[in-house]
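Asks: Here it is, the structure in full.
The values are calculated or read from the model by the stated rules, or taken from the named source; none is laboratory data. Remember, predicted model here, so these are calculated numbers, not experimental data. Virtual Cβ from ideal backbone geometry, glycine too; neighbours counted across all protein chains shown. Accessible surface areas use protein heavy atoms only, side chains included; no ligands, DNA or RNA. Shrake-Rupley method; radii C 1.70, N 1.55, O 1.52, S 1.80 Å.
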Amino acid sequence: VGMALGGAALHRARFGRALRVTGARLSLAERRLPAGRLRCLAYVIAGLGYAISGILLAGQVGVLDSMLAMPILLQIFAAAALGGSCPGLRAGSAIGALLGAAIVTAAANLFIPLDFPDMLSPAADAGWLLLGLAACRRFADRSPHLPLGGPSRIVPRRSIAIAAVSVALLVALALLRPEASFVATMGLGLGLLAVGQGAVIRSGGFDLSMPALISFAGLVSVAVSQGSWSGFLLAAAITGIVAVSVGLWHALLAQRLGRGIVLATLATAGLLQAAAAGIEVWSPTGFVPLALTAFVSRLWFGLPSIAWLLLPVAAAAGWMLDRAWRRGVRDPRIAYCTSALAAAAFGMLTAAVAGGFRLGIVDTSMIPAVAGALIGGVRFARGDGSLLTAFGAAAILQLADIMSVALGLSYEGQLMAMALVMLLAAAWPQLRAAAGLAPARQP
């Protein structure tokens with residue numbers, strides 16, 4: 001009751017009305033309102049709400065773990081969408097979000113006596129989210145707009161130099177420490193993810209389905225192949241079809257939802273997560289052909305053989321997408337299909353290198369990919385930065401991550417360091433502007 005009353009008061013207050021104007025008409029709000037201050041206060045309120053919710057949940061359950069964040073995030077946005085809130089479409093209200101949360105919670109509790117499998121819970125939450133997005137699209141306050149970037153500010157020579165330096169560092173590490181040659185493989189794989197995620201960010205979206213698609217691809221590889229080459233080729237075909245379908249699906253929704261595509265990719269992540277969990281239950285002992293694992297791990301001139309294949313593929317993808325962007329190509333199908341195919345390739349690569357695959361081993365793979373894109377200068381819906389630079393930056397981040405492990409940095413410390421890198425990369429243009437080294441730009 002208190003939350004409903006507080007939400008109603010916020011909806012009618014001057015601050016609440018200003019927030020709605022800022023979200024719906026940013027250009028108007030920047031001229032007549034302190035839009036930056038309003039956005040900052042909105043994030044502060046949201047952060048306080050997250051903290052209070054975590055404390056209450058911990059008090060109710062007693063024990064929590066870090067893996068609980070993803071399912072709860074899906075439920076939060078499903079409740080908000082059912083309540084009429086979607087970026088770029090509808091502002092919604094706090095009371096609507098509470099009603100949406102009641103629907104999601106009641107459905108989850110109803111599934112218990114019906115013996116609904118727990119592994120399908122993310123799919124159910126994804127269904128609620130998609131239903132909410134469809135309703136928001138039907139009763140949108142205004143037509144969705146997907147920003148596709150402004151004038152290109154890509155520096156080809158600099159991006160090629162950074163990519164070349166990163167590859168040289170990985171090769172040097174592999175030559176000096178052959179036992180750590182897998183770092184080159186993972187670094188180049190993360191570079192490919194950075195190219196895909198950077199393409200989506202530059203087109204005005206954000207692909208939250210990437211980790212779930214990686215897990216899906218890895219589990220399909222081991223479950224379908226069962227150690228045979230014919231099964232692995234079938235798994236590769238299935239994974240490729242699913243990846244292209246996901247990319248085209250996201251591109252189609254991006255045309256209709258505008259900024260709401262971010263929530264749509266989260267719904268796709270829920271569906272893929274449920275599918276991956278079902279595959280793991282169906283085939284808990286799958287593995288890829290042993291000859292494939294031996295082949296991809298064999299060293300050729302200091303690098304694993306698969307690394308020599310990843311290097312030209314990832315570099316060529318970044319260079320070609322940068323070149324197309326400079327020529328004015330702004331097709332979201334290219335961006336989302338690249339992101340999906342990169343995730344599928346990374347999942348199959350991880351399964352091939354390890355010989356098997358389990359859920360949870362790639363949950364943090366998106367962090368260096370996004371960090372690499374930010375370091376590459378890629379910004380949301382702008383033509384700045386280079387995907388080729390993002391490829392090199394992600395590879396260097398993987399090298400730095402391995403070095404931090406050698407120095408004794410804990411897993412939590414590694415995540416914190418990566419988060420600081422992302423924050424610094426995101427704030428770098430504004431810091432340069434504050435120092436008088438560059439004109440101020442919107443983030």
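Asks: Every residue in segment 401-422 that is without any contact (Cβ under 8 Å) to a residue 12 or more places away in the chain and under 16 Å from residue 376 (Cβ atoms), please.
Replies: Correct list: empty.
Asks: Would you tally the residues in segment 408-427 being within 15 Å of residue 197 (Cβ to Cβ) and open to solvent by 70 Å² or more (accessible area, probe 1.4 Å)?
Replies: Residues flagged as within 15 Å of residue 197 (Cβ to Cβ) and open to solvent by 70 Å² or more (accessible area, probe 1.4 Å) within segment 408-427 amount to 0.
Asks: I would also like to ask the following. Open to solvent by 20 Å² or more (accessible area, probe 1.4 Å) and either more than 20 Å from the chain's Cα centre (by Cα) or modelled with pLDDT under 90 (or both): is that true of residue 228 in this structure?
Replies: On the way: open to solvent by 20 Å² or more (accessible area, probe 1.4 Å): yes; either more than 20 Å from the chain's Cα centre (by Cα) or modelled with pLDDT under 90 (or both): yes.
Spelling it out, residue 228 is indeed open to solvent by 20 Å² or more (accessible area, probe 1.4 Å) and either more than 20 Å from the chain's Cα centre (by Cα) or modelled with pLDDT under 90 (or both).
Asks: Something else about it: Could you please let me know if residue 308 is assigned to a helix (DSSP H, G or I), modelled with pLDDT of 90 or more and aromatic (Phe, Trp, Tyr)?
Replies: In short, no.
Asks: For segment 251-275, how many residues meet the condition of being at pLDDT 90 or above and surrounded by fewer than 17 Cβ atoms within 10 Å (Cβ to Cβ)?
Replies: 1
Asks: Separate question: Can you tell which of 174, 161, 184 is at pLDDT below 65 and farther than 16 Å from residue 263 by Cα?
Replies: 174
Asks: So, one more: Please go through (1) crowded, with 23+ Cβ neighbours inside 10 Å; (2) modelled with pLDDT of 90 or more; (3) outside any loop (DSSP other than H, G, I, E, B) for residue 240 and return the number of the only condition it doesn't satisfy.
Replies: (1)
Asks: Using the structure shown, decide if residue 90 is at pLDDT below 85, within 30 Å of residue 319 (Cβ to Cβ) and among the basic types (Lys, Arg).
Replies: Working: at pLDDT below 85: yes; within 30 Å of residue 319 (Cβ to Cβ): no; among the basic types (Lys, Arg): yes.
No.
Asks: Let me ask you something else. Which of the residues that make up segment 276-285 are open to solvent by 10 Å² or more (accessible area, probe 1.4 Å), part of a helix (DSSP H, G or I) and touching a residue at least 60 places away in the same chain (Cβ under 8 Å)? Give the derivation first.
Replies: As a first pass, look at segment 276-285 and keep what is open to solvent by 10 Å² or more (accessible area, probe 1.4 Å): 277-285.
So of that shortlist, the ones also part of a helix (DSSP H, G or I) come out as 277-282.
Residues satisfying the conditions are 277, 278, 279, 280, 281.
Asks: Another question about this same structure. Look through segment 334-366, keep the residues that are closer than 14 Å to residue 247 by Cβ and among the small types (Gly, Ala, Ser), and return whichever of them is surrounded by the most Cβ atoms within 10 Å (Cβ to Cβ).
Replies: 343
Asks: Please enumerate the residues belonging to segment 69-116 that are without any contact (Cβ under 8 Å) to a residue 40 or more places away in the chain, under 21 Å from residue 55 (Cα atoms) and either part of a loop (DSSP other than H, G, I, E, B) or open to solvent by 50 Å² or more (accessible area, probe 1.4 Å) (or both).
Replies: Scanning segment 69-116 gives 69, 72, 76, 102, 105.
Asks: Can you go through 46, 8 and tell me which one is at pLDDT 75 or above and part of a helix (DSSP H, G or I)?
Replies: It is 46.
Asks: Same structure again: Considering each residue of segment 286-305, count those that are part of a helix (DSSP H, G or I), among the hydrophobic types (A, V, I, L, M, F, W, C) and open to solvent by 30 Å² or more (accessible area, probe 1.4 Å), and give that number.
Replies: Number satisfying all stated conditions: 4.
Asks: While we're on this one: So, in segment 324-333, exactly how many residues are open to solvent by 90 Å² or more (accessible area, probe 1.4 Å) and part of a helix (DSSP H, G or I)?
Replies: Summing the residues that are open to solvent by 90 Å² or more (accessible area, probe 1.4 Å) and part of a helix (DSSP H, G or I) in segment 324-333 gives 2.
Asks: Being in contact with a Leu (Cβ under 7 Å, 6 or more places away or on another chain), at pLDDT below 85, part of a helix (DSSP H, G or I) and of a type outside the set (Phe, Trp, Tyr) narrows it down to one of 345, 395, so name that one.
Replies: 395
Asks: How many of the residues in segment 385-407 are farther than 25 Å from residue 201 by Cβ and open to solvent by less than 60 Å² (accessible area, probe 1.4 Å)?
Replies: Residues that pass the stated criteria total 2.
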